[in-house]
Amino acid sequence: MYYLKEISFRFSCIFIVITQSVLSQWKAMEKFTIEIRNLDVELNNVKNLNKVQNEDNISLTKAITIGKDKIKEQEKLICGLTSAINQYQLEKDEFEQRLVKMRDGAVFEAIKICSNLFFPFSI
C-alpha cells in the first residue's frame, strides 16, 4: 500500500510538472500567435502601401507620357510656325527686292523723261 501511495504521489507530481509545462507552452504559443497576427497585419499594411505606391507610379508614368506627348505636339507646332515664319521672311525679301527694282526702274524712267524734257535733242 505504501508503494501505491508513493506511486500515486509521484504520478501527481509528474502530472503537475507536465501540466505546468503544457500551460507554459500554451502561453508561449498564444504569445507567438499574437506576434504572428501582428506581423501578418504589418505585412498586409506593407502590401497595401506597395499597392498604393504602384498605383501612384502608374499614375505618374501616365502623366509623364501625356506630358511627353504634349511636348511633342508643341514641338510640331513650333516647327510648323518656324516654317511659316521662314516662308513669310522669304516672300517678304522677294517682295522688297521687287520693290527696289520697281523703284530703281521708276527713278530711271523719271530721269529719262526729265532729260527728254530738258534735253530733247540728245546725241
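Tabulated values for the structure
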read-out: Isotropic mean projected area of the C-alpha convex hull, the range 34-88 (nm²); value: 3.4 nm²
read-out: Calculated diffusion of the chain, Stokes-Einstein form, Kirkwood radius summed over Cα pairs, 4 °C and 1.567 mPa s, µm²/s; value: 50 µm²/s
read-out: Assigned charges on the beta-carbon of Lys, Arg, Asp, Glu; the chain dipole about Cα centre (debye); value: 500 debye
read-out: Straight-distance crosslink candidates among lysines, where the alpha carbon sits under 30 Å from K112 and sequence neighbours closer than 8 are dropped; value: K92, K101
read-out: Rg(Cα)/(2.2 N^0.38 Å) for the range 9-67, N = residue count; value: 2.42
read-out: Per residue convex hull volume, Cα atoms of the range 62-121, in Å³; value: 38 Å³
read-out: Tilt relative to the chain, helix 2-118 - C-alpha long axis, 0 to 90 degrees, to 10; value: 0 degrees
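Since every read-out is calculated from the coordinates, none of them should be taken as a lab result. Note that the coordinates shown come from a computational prediction; the quantities given were computed from them, not determined experimentally. Backbone-built Cβ (ideal geometry, glycine too); neighbour counts: all protein chains shown.
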